[in-house]
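Novice: Can you read through this structure? Questions will come right after.
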Amino acid sequence: MKFRSLRQIGFTDYAPISSFFPSSAVAMGAQKKGSSRVTEDAEELARNPLQAILLADSFTTKFRPITLERPKVLLPLVNVPMIDYTLAWLESAGVEEVFIFCCAHSRQVMDYLESSGWHKQPNFTVAMIESNNSISAGDALRLIYERNVIHGDFVLVSGDTVSNMSLTHAVKEHKERRKKDNNAVMTMVIKKSKPSPVIHQSRLGTDELFMAIDPDTKQLLCYEERGEHPRGAISLENSLLADNPSISLHNDKQDCYIDICSQEVLSLFTDNFDYQHLRRHFVKGLLVDDIMGYKIFTHEIHSSYAARIDNYRSYDTISKDIIQRWTYPFVPDVRFSANCTTKLEREGMYKAPEIQQSRSAHIGPFTVIGKGTRIGDDSRITHSVIGEGCTIGSNVSIVGSYIWNNVTIEDGCELRHAIVCDGVIIKAAATLEPGVVLSFKVVIGREFVVPAYSKVSLFQQPTAQDSDEELEYADSSSGAIDPSIADAGNKLNGDIVSESSQIQDWSTSQLGPGGAGFIWSACDGGCEEEWRHSVAPIPTDQLAKALLAIEEDSEIVKVSDSALTPSGELEPGSDDDDSDNMDDSNVDTVDFEKEAEATFLRAAQDNIAVDDLILEMNSLRLSYNKSAGDCTGALFYPMMKLALESPHNTAVELQKNVASVVSKWHKLFEVLAKEVDDQIELIMKFEEMCLESTKEFAPIFSQILYLLYEREIIGEEAILRWDDERKDADESDRVFVKQSEKFIQWLREADEEED
């Protein structure tokens, strides 16, 4: 398989797209600008090519037990190893030299990089720096400083970063600041991503983040995570308020973990061995250090995508963003690494070649099917990613799950919002409840039900916890993975766990007849906290508790009106800097409507109860600071779309589909569209749909309007006021009023008779 880099196929500058086009059409329309790089004079560029440090170790335990056997950066993300997304972005953004630091499973990383061909790319050098005793990011940067390989400003990222942002402006801003102030040692990339006021988490599952920023200079003045202050009380030093005439406080920013650093950053880590964690120690250390005077600045992106896979929830969220093409050109149907060519079909379905699919099997929207996979009779797969070489039997149901390579799922199994690693066997009629993680080569017995949020591995779980939750492994006395044997990879042997640790020996019979593996106990937070970082949707009971707590807790932190958004769209040829004048309210509305549509379609697919969907919509509404009327319009579109996509041959059959859907979900609008103004908004939304996106409804507009009236979704007053508002409108805006004349006249006459 011949690999071609993004620069070779013309993707040096690019923009995310929200609609689904074949890759050939995208390539034809892409803006090609040759080999554009960071704007610098030629002499400086020749002297110091743009370098990057990529940390291939996460130094966390959040992806255990999977990372006991394979490094996190090699875990598949929509069937492509995570590190490929990071390297492809760096290469396309103009970075010329990348130093990859790796400790745990370093041999696996080195072997993969050699086989994938990254070291053979023109004008793009990839070098490995290996260590067997580094246990933190601080140790890694100290070792890199000793190697003396960084010769100027550099980009610092982790190997689990997905982005398509341009580095041009961030690097340029950093260099210009450095010329004026040598103490400006770091520029941190941030973007808008408001946390939910219900659960105080971002959409990536990370804690609510509080930042204080100088609005004029963009200097970072304070950096606090809500997890450190559970009551939400963030205090600012009096000196900070006295020294800065203006401070902008934010809890609507996401830290992208992309940093533009000067060489001093490496020396600062070397001088301070207390610096282990990049944010908790280094960033906070500089912010409170009044002696040296070092400064950190921020660079906010608006229209580009940037996110880091920090936990299972962010793994799920970013996977969906990739499938929905927010990360373009790093999407399944564009080859940017050694990934297999995948064809994009309707409704966001991607299929690789050599798939064997039964004619009675159903593949739903936003689903990726890997090469060589076989799918049996009457199986249903939706909103999921299936890897290569999988065998899926008959009558299997897979919803919102991630099935990696060479997995066998026998007949009658049900999987909901789970992660299943390579080589797993799930025997007939078994069930995976939401949030389950099955590590490599686990076997689930026949008809066995794996409880929600369970983690299962062929490795036994050490009962002694690591001394620092942020460490991927510590010394042998901690009961974690010893660095000297961490490269054991997929060789399953008990020696990988230290002899001194006490092991909880779970019987493999707990996994059913023929099962193989150990069920790990819950994390420190307990089972009740597992949902926070799971691939499963937030449970409705947790949402209900959180909503009740909001009503009762007067100390809740108020949030601003910014959007919870995966990304905006950057038009071809434009820059992030040009988007400062974007209408945030428009961006908010578009993203809210997309989130609402996805929530409704998932509820319809999973047969979620109406009351539970109302709870989810209330949470989403609070997250975006939207009104109930905004919800009605956002939900009406996918509801009508669902009726349109149901089989029909005539307008009468389409009308019956609408009646069926409305009957099932009418309670949504009884709760959310109580006010007359909200009902008028719903009618106007329907008009817009009939003129633009779903023109099939235009001939039967009046019949559906009557249906909505009959089911008490839209009241008489709303219809008559809508008619009154259209009286002085142009004829082109009165199309549907005229179509509904008889119905409106009947309402007015009935109203007069009643009077």
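The values are calculated or read from the model by the stated rules, or taken from the named source; none is laboratory data. Just so it is clear, the structure is predicted and the values come from calculations on it, not from any experiment. Using ideal geometry, Cβ is built from the backbone for each residue, glycine included, and neighbour counts are taken over all protein chains shown.
Novice: Kindly list, by first and then second residue, each pair from a residue in segment 701-712 that is assigned by TED's automatic domain parsing to the domain that holds Glu741 to a residue that is in a helix (DSSP H, G or I) and among the small types (Gly, Ala, Ser), limited to pairs with Cβ atoms under 8 Å and residues at least 6 apart or on different chains.
Specialist: These pairs meet every condition: Leu707/Ala659; Arg711/Ser663.
Novice: Could you check segment 416-437 and list, in sequence order, the residues that are within 22 Å of Arg70 (Cβ to Cβ), within 21 Å of the chain's Cα centre (by Cα) and touching a residue at least 24 places away in the same chain (Cβ under 8 Å)?
Specialist: Here is the first cut: in segment 416-437, the ones within 22 Å of Arg70 (Cβ to Cβ) are 417-426, 432, 435-437.
Narrowing the set further to residues that are within 21 Å of the chain's Cα centre (by Cα) leaves 417-421, 435-437.
The answer is His417, Ala418, Ile419, Cys421, Gly435, Val437.
Novice: With respect to Arg335, determine if the residue is modelled with pLDDT under 90, in a loop (DSSP other than H, G, I, E, B) and either touching a Leu at 6+ places or on another chain (Cβ under 6 Å) or under 13 Å from Asn164 (Cβ atoms) (or both).
Specialist: On the way: modelled with pLDDT under 90: yes; in a loop (DSSP other than H, G, I, E, B): yes; either touching a Leu at 6+ places or on another chain (Cβ under 6 Å) or under 13 Å from Asn164 (Cβ atoms) (or both): no.
Answer is no for this residue.
Novice: Moving on. Quick check on my filter: what residues within segment 131-150 are within 31 Å of the chain's Cα centre (by Cα) and not in a loop (DSSP other than H, G, I, E, B)?
Specialist: Of everything in segment 131-150, those that are within 31 Å of the chain's Cα centre (by Cα) and not in a loop (DSSP other than H, G, I, E, B) turn out to be Ala137, Gly138, Asp139, Ala140, Leu141, Ile144.
Novice: While we're looking at this one, here's another question. Name every residue in segment 421-444 that is closer than 13 Å to Ala516 by Cβ and surrounded by fewer than 20 Cβ atoms within 10 Å (Cβ to Cβ), in order of residue number.
Specialist: Residues satisfying the conditions are Gly423, Lys441.
Novice: Is there a residue being out of contact with any Leu (no Cβ under 9 Å at 6 or more places or on another chain), outside any loop (DSSP other than H, G, I, E, B) and within 30 Å of Gly400 (Cα to Cα) anywhere in segment 54-69?
Specialist: yes
Novice: Does segment 295-332 hold any residues that are closer than 24 Å to Thr61 by Cβ and in a loop (DSSP other than H, G, I, E, B), and which are they? Show your work before the answer.
Specialist: Just the residues of segment 295-332 that are closer than 24 Å to Thr61 by Cβ, to begin with: 307-319.
Selection gives Ile309, Asp310, Asn311.
Novice: Against the definition (under 43 Å from the mean Cα position of the chain (by Cα), modelled with pLDDT under 85 and on the phi > 0 side of the Ramachandran plot), how does Glu712 come out, yes or no?
Specialist: Values: under 43 Å from the mean Cα position of the chain (by Cα): yes; modelled with pLDDT under 85: yes; on the phi > 0 side of the Ramachandran plot: yes.
Judged against the criteria, Glu712 is a match.
Novice: Looking at the structure I just gave you, is Asp84 crowded, with 21+ Cβ neighbours inside 10 Å and modelled with pLDDT under 90?
Specialist: Values: crowded, with 21+ Cβ neighbours inside 10 Å: yes; modelled with pLDDT under 90: no.
No; evaluated as a whole, the condition is false for this residue.
Novice: While we're looking at this one, here's another question. Is it the case that segment 339-347 has a residue that's assigned to a helix (DSSP H, G or I) and under 21 Å from Tyr85 (Cβ atoms)? Spell out how you get there, then give the answer.
Specialist: First, pick out the residues of segment 339-347 that are assigned to a helix (DSSP H, G or I): 346-347.
Next, from what is left, pick out any that are under 21 Å from Tyr85 (Cβ atoms): none.
No, segment 339-347 contains no residue that is assigned to a helix (DSSP H, G or I) and under 21 Å from Tyr85 (Cβ atoms).
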